[in-house]
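The values are calculated or read from the model by the stated rules, or taken from the named source; none is laboratory data. Given the structure is predicted, the values throughout are model-derived calculations rather than measurements. No Cβ is skipped: glycine too gets one built from the backbone with ideal geometry, and neighbour counts run over all protein chains shown.
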Amino acid sequence: MRIEQSPEFQIHLQNLRSKEPLFLETIYNVGNGHLGVRDSNPLQGNNLDYIGSPGLFINGFFDYNDVSYGEKYTGYPESDQVINRLLDPRYIRIRVGNEDSAVEHFKVENIDKNLDMQTGLLHEMFSITTPENRNFNLVVESFASLSKQNVYGIRYSIIPTNFDDDVEIIKLHNYANQATHQQNEDVRVNQSVGQMQLDFIPDNGQPSYLITTFRSQQGLILTFQANENLAPDPKIEYFKDENNHYGYRSKYRAKRGSQKNFEFLFAIGDIHPLVNARVYADQYLSALDNYIRDTTFQSELMASAQVWQTFWLHSDVKIDGDPQIQLCLRFNLFELNQSAGRDGYTSIPAKGLTGNGYGGHFFWDTEMFMLAFFSYTQPQLAKKLLMFRYHTLNIAKEQASEFGLSKGAMYAWWTINGYESSSYWLAGMAQFHINADIAFAVEQYYTITGDDDFLEKYGFDIILETARFWMQYGNFTELAGKRCFVINKVTGPDEYSALVDNNYYTNVMAQFNLRLAIKYADKFKQTDITSRLNVSEKEIEAMKEAADLMYLPYDKEKKVKLQFQDFEQLPPMHLDQIDQSLFPLLLHFHPLMLYRYQVNKQADTIMADILFPKGNTKEQLEADYDFYEPITTHDSSLSKAMYAIAASRAGKKKQSYDFFSQAVKTDLLDLHHNTQNGIHAGSLGAAWQGVVYGFAGVVNNAAHFSLEPKLPAAWNSISFKLRLHHNECLFTIYQNEVKIELTSGKACEVYVYDQKVRVTSQHPKETCSY
Ligand code: IFM
């Protein structure tokens, strides 16, 4: 199979020398949801002579670190979880004549890098000069397989440009903990690292390792194989060094202008409890080895490329009229697909598998910013992401109980294994809205897919237990002479305020969560589902009352939804008077200086407007937008795409385009100046929502699927596919008309503004003016 390289799918940045190397390490990562490899100087390894931040990240492979508190109160997490940064599989040691890249400093310059998003192949060329001025080009091609998620492939080609001499390559990885130079004051970069141990598994005919963590007691097997047929003269040999470390090496006489290739396939295992990993190491290894035995770099690359093709077939978004935004958006979708855990036990770290920013944790980012993309375009993957929440439901229940609640589930705000690990609980654990966010995502998935089996076996459990949490954490009271249900002492999405009473977003989401529990308790009435979950009529009655009486703070004078109770009492922060160098504010102000003001880090109340458009008038949306936009710094990368959607719905076309265009460029143009620590995964998914919920105006509330397009003036069209139950539709939206094509399934009914359009397998194409 050969795939034509289309220029629109290439990340081929120019002037690499002018770019920050750590930024390039992130942008040119390759991953597949199980593993992620940062791009790096291939000669670096653990040699700190070379300044980089390389590493291999395995989704869910973490270690604990102690957290030290000045005053440690009951219930504070003992330890933080942090994703491990493992050995760099790109590393190769090269000897040229008497010079050795592991001993001397070889000057390595990036000449060219190209990431082909159609195949997932990263192709790079480095120019390398030794201290004695021998120069050679090193071409490195690598990919993380989407077809076999345990597989990573790398191929090196060496081309001397000014010498004939002996060249030796040594491919040996003898450390587990990848060293980096990273020293960063940024609170968003986790400084702590996990500690791993590497043991060689001897006599296996190829280098094989058992890697274990000290405190989280996890283990995995890793092995790699050289393609021996590729370099027959001289052979690449499996060897053991004086320290009993196993690797491959090959020594040959290199000639100026000649090219010699070496390729390796890695098989990187699944995560096991440490004891099992040790006891069954041989068994696991031989199963793993099957992935790379009797195959080659090229055939695995092609198999993986085919999966990428399927991905693009269903998930691409085409924008006609804006090539730069088109490329950025494709990069975003590509990275989302590279980051998503697919085993039901992992999710999407906030930085994908591209760095250890935020310690590699999962947040609400997955459910509220990324999941919609997967539910609409790859529902089987969306389900796996939700299964992570189902598989950690018992932990969430245990946490609720340890917290002192007699019922319900309390999901962690910041976690890898399901347990809360946020040591700054004010902006962490107190973001209880995550419980409703997860329930919302379950409902969204169910609305899109109609997956009854999922709802019955897993989804309703999540919805019910999170609804129970609200009944425990909130309470009925009287406010201004009226009986209400209030939820006090929470932190909403905006992290420039903390521990407030009745955060609008939280309350409206909790209300929705309660109503979902009520709806499905009714649907499953008198089935063994409700008896299994001990649902009583009395409990559901109480939920109904709480939902109906939910307190939603509102400023009647200004006619705006209040971010939280008494928000109007805070003085505004005059953002225009703050020096640009002091943004993001979180890096320059004590949190209390921010909490005391009307200032937002990110969309908060506005998100409630976006998520619940029904019954919200355009006037209300406009009033909320006009109130919150000027006090929002967008210091969180999750913010701008949400404002783009709100602006689009409020008819503010220019603002919408501007916000969207900044959101979609977040990583590729490094607009937050911290892409070096990893991509902003939530922001990538939010940009997709910017197109689909914003410019296309998609609203889907189970009974009614509609589009209300408002295309940016400069664009000719956008097109994308969405799955709706068992159907898939291709929507192409022009300035004044929408084309709808049923690409699979039997029939689909959608609204374009108020016009009903029906496409069927007999009449799959319709056009509708608007
Ligand atoms: O989840 C987000 C939060 O909303 C803002 N701070 C960063 C987190 C991880 O992306």
Check: Name the residues in segment 717-727 that are touching a strand residue (DSSP E or B) at 6+ places or on another chain (Cβ under 7 Å) and within 13 Å of Phe705 (Cβ to Cβ), would you?
Finding: Leu722, Leu724, Asn727
Next item on the list: Determine, yes or no, whether Leu371 is within 16 Å of the ligand (Cβ to nearest atom), of a type outside the set (Val, Ile, Thr) and under 26 Å from Ala603 (Cα atoms).
Entry: yes
Checklist line | Residue that is small (Gly, Ala, Ser) and free of Cβ contacts under 8 Å to residues at least 12 places away in the same chain, where the choices are Ala498, Ala480, Ala467, Ala441 | finding: Ala480
Next item on the list: Would you mention how many residues in segment 259-289 are farther than 20 Å from Arg342 by Cα, outside any strand (DSSP E or B) and touching a residue at least 12 places away in the same chain (Cβ under 8 Å)?
Entry: 10
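Restricting to segment 64-100, what's the tally of residues that are of a type in the set (Asp, Glu), under 30 Å from Leu265 (Cα atoms) and surrounded by fewer than 24 Cβ atoms within 10 Å (Cβ to Cβ)?
The total comes to 2.
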Notebook entry, point to check: Are any residues in segment 556-589 outside any loop (DSSP other than H, G, I, E, B), surrounded by 13 or more Cβ atoms within 10 Å (Cβ to Cβ) and touching a strand residue (DSSP E or B) at 6+ places or on another chain (Cβ under 8 Å), and if so, which ones?
Noted result: Val560, Lys561, Phe567, Glu568
Next item on the list: Starting from segment 665-686, keep only residues that are at positive phi, then list their pairs with residues that are within 11 Å of the ligand (Cβ to nearest atom) and modelled with pLDDT under 95 whose Cβ atoms are within a distance under 6 Å, requiring at least 6 positions of separation or different chains.
Entry: Gly678/Gly357
Item checked: Residues of segment 308-333 classified as closer than 18 Å to Val692 by Cα, aromatic (Phe, Trp, Tyr) and surrounded by 22 or more Cβ atoms within 10 Å (Cβ to Cβ), total -> 1
Checklist line | Unmet criterion (only one of (1) within 24 Å of the chain's Cα centre (by Cα); (2) among the charged types (D, E, K, R); (3) crowded, with 23+ Cβ neighbours inside 10 Å) for Asp658 | finding: (3)
Check: Given the structure, is Arg95 away from the ligand (no atom under 16 Å from the Cβ), among the basic types (Lys, Arg) and more than 28 Å from the chain's Cα centre (by Cα)?
Finding: yes
Item checked: Top-ranked residue of segment 374-383 - restricted to ones that are in contact (Cβ under 8 Å) with a residue 12 or more places away in the chain and either over 14 Å from the mean Cα position of the chain (by Cα) or within 23 Å of Val82 (Cβ to Cβ) (or both), ranked as farthest from the ligand (Cβ to nearest atom) -> Pro379
Next item on the list: Would you tally the residues in segment 1-56 being surrounded by fewer than 20 Cβ atoms within 10 Å (Cβ to Cβ) and aliphatic (A, V, I, L, M)?
Entry: 7
Notebook entry, point to check: Can you name the number of the only condition in (1) modelled with pLDDT of 95 or more; (2) over 29 Å from Lys614 (Cα atoms) that Ile518 fails?
Noted result: (2)
Notebook entry, point to check: Looking at (1) out of contact with any Leu (no Cβ under 6 Å at 6 or more places or on another chain); (2) in contact (Cβ under 8 Å) with a residue 12 or more places away in the chain; (3) among the hydroxyl-bearing types (Ser, Thr, Tyr); (4) in a helix (DSSP H, G or I), can you tell me which one Thr346 breaks?
Noted result: (4)
Check: Got a number for residues in segment 415-439 being of a type in the set (S, T, N, Q), under 16 Å from Ala350 (Cβ atoms) and either within 12 Å of the ligand (Cβ to nearest atom) or out of contact with any Pro (no Cβ under 9 Å at 6 or more places or on another chain) (or both)?
Finding: 4
Next item on the list: Would you point out which residue out of Thr161, Thr130 is surrounded by 21 or more Cβ atoms within 10 Å (Cβ to Cβ), β-branched (Val, Ile, Thr) and out of contact with any Leu (no Cβ under 7 Å at 6 or more places or on another chain)?
Entry: Thr130
Notebook entry, point to check: Do we find a residue being within 13 Å of the ligand (Cβ to nearest atom) and within 27 Å of Pro349 (Cα to Cα) anywhere in segment 607-625?
Noted result: yes
Notebook entry, point to check: Where residues in segment 178-221 are of a type outside the set (A, V, I, L, M) and within 16 Å of the ligand (Cβ to nearest atom), which of them is nearest to Phe62 (Cα to Cα)?
Noted result: Asn190
Next item on the list: Report yes if some residue within segment 634-648 is modelled with pLDDT of 95 or more, of a type outside the set (Phe, Trp, Tyr) and surrounded by fewer than 19 Cβ atoms within 10 Å (Cβ to Cβ); otherwise report no.
Entry: no
Notebook entry, point to check: Among the listed residues Val500, Val508, Val535, Val560, which satisfies the condition of being touching a helix residue (DSSP H, G or I) at 6+ places or on another chain (Cβ under 8 Å), more than 27 Å from Gln399 (Cβ to Cβ) and among the β-branched types (Val, Ile, Thr)?
Noted result: Val560
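Consider Gln563 carefully, then state whether it is away from the ligand (no atom under 15 Å from the Cβ) and modelled with pLDDT of 95 or more.
No: the conditions fail for Gln563.
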Margin query: Looking only at segment 354-368, count every residue that is within 9 Å of the ligand (Cβ to nearest atom), in contact with a strand residue (DSSP E or B) (Cβ under 9 Å, 6 or more places away or on another chain) and in a helix (DSSP H, G or I) and tell me the total.
Written below: 1
Note to self: Which count do you get for residues in segment 51-76 that are of a type in the set (A, V, I, L, M) and touching a helix residue (DSSP H, G or I) at 6+ places or on another chain (Cβ under 9 Å)?
What the structure shows: 1
Check: How about segment 677-725: which of its residues are within 23 Å of the chain's Cα centre (by Cα) and of a type in the set (Val, Ile, Thr)?
Finding: Ile679, Val691, Val692, Val698
